[in-house]
Every structure is written in C-alpha cells, then in structure tokens.
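Asks: Pasting a structure below so you can have a look.
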Amino acid sequence: MEKIIYFLPLLLLCFSCSDDSSDDLPGNETENSTFTVEYSQSGDRDQYEQEITFYSAYGWKDADSERDVDANLNSENAALPGSLSYTTKQASPGIWVTFNVAPHNVEEGISLEVTFKFYKDGELIDTKNLSIDNESTATESFQWKYFADMSDK
C-alpha cells in the first residue's frame, strides 16, 4: 500500500497531460487566416544586396493595388522600394518570410534600418527590426514562420 502512495502523483500527472497540442492554442488558432506583411527600410539601401521571399500556399497580392505580386524580391534585379505591403491572396493556414542582406562593399558609415510587421486577420502579431551597418561584412538573414495547428482537422 505504501508503494501506491509514491506512484499516485505520477498517475495524476499522466492523466492530467494531454497529447493534443491544440489545447495550448486559442480556439480560432486552427482556422485559416489572411496575413499581411509590411516591409519598410531606410538608410543606404543602394549599398546592400537584399532578398526577400514570401511563401504562402495561395500567393500574394499588393495590399494597396490588389495586384498579384512576385513572391521573390531581389535588389539585384531592381532596387527594393522603401516600403511595401503584401497580403495573402486568400485565407491560408500559414506563411513563411525570409530576408537576406549583405553590403556590396564594406564602407565606413553605411547603415540600413529594416522593419517587418506581421498581421494575422488585421491584427499585428509581430514586429522585427533590423539594424545593419558597415560592421556587417557577411550576409545577415532571418526567417519568420507562422503555421496554424491543423492536426485536429
């Protein structure tokens, strides 16, 4: 009988745990959502090679003009605009955004400020600010991913 008392806390812990990861998420987390990514930059943009890639199952459109847009932007082909806003073409279970930047030449005094804002169904869910200067001699990058838990569908 004494040994059962030692196992009781372990049994309670096992029965209270759930293997359904969606228990940790708000109720609407498993629904498809419309995502918007806003990008803005300032500084010596012509001194840096930049590449941004937007991934979505259904593609992207310009949030202002509603036109379909290329999901891969590269400053090698054309100068990236000072700002842009892309929205998923339709509700999607998630997105993935990558950004790579490297200076053309290391020069004193060059710098670049970059901001990404991520919206889900019109609500700001994250902001990423990057400060890149002449000390950055190699490619700097980040990736941002959001995928809803679709395991219960």
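The values are calculated or read from the model by the stated rules, or taken from the named source; none is laboratory data. None of the values given here were measured: they were computed from a predicted structure. Note that each Cβ is placed from the backbone with ideal geometry, even for glycine, and that neighbours are counted across all protein chains shown.
Asks: Here's a check for you: in segment 60-107, which residue that is farther than 20 Å from S42 by Cα and free of Cβ contacts under 8 Å to residues at least 12 places away in the same chain is nearest to the chain's Cα centre (by Cα)?
Replies: Only one residue tops the list, namely D70.
Asks: Within the group L112, L130, L80, L84, which residue is closer than 30 Å to N32 by Cα, surrounded by 12 or more Cβ atoms within 10 Å (Cβ to Cβ) and in contact with a helix residue (DSSP H, G or I) (Cβ under 8 Å, 6 or more places away or on another chain)?
Replies: Details: L112 fails: closer than 30 Å to N32 by Cα; L130 fails: in contact with a helix residue (DSSP H, G or I) (Cβ under 8 Å, 6 or more places away or on another chain); L84 fails: in contact with a helix residue (DSSP H, G or I) (Cβ under 8 Å, 6 or more places away or on another chain).
So the residue among L112, L130, L80, L84 that is closer than 30 Å to N32 by Cα, surrounded by 12 or more Cβ atoms within 10 Å (Cβ to Cβ) and in contact with a helix residue (DSSP H, G or I) (Cβ under 8 Å, 6 or more places away or on another chain) is L80.
Asks: Exactly one of (1) among the basic types (K, R); (2) modelled with pLDDT of 90 or more; (3) farther than 30 Å from S111 by Cα is unmet by K3. Its number?
Replies: Single failed check for K3: (2).
Asks: Which members of segment 37-68 meet the condition of being under 25 Å from E140 (Cα atoms) and surrounded by fewer than 19 Cβ atoms within 10 Å (Cβ to Cβ)?
Replies: Taking segment 37-68 as the starting set, the residues that turn out to be under 25 Å from E140 (Cα atoms) are 37-56, 60.
Those that are under 25 Å from E140 (Cα atoms) and surrounded by fewer than 19 Cβ atoms within 10 Å (Cβ to Cβ): E38, S40, S42, G43, D44, R45, D46, Q47, E49, E51, T53, Y55.
Asks: The conditions are (1) free of Cβ contacts under 8 Å to residues at least 24 places away in the same chain; (2) within 18 Å of D62 (Cβ to Cβ), and S131 fails exactly one of them. Which is it?
Replies: (2)
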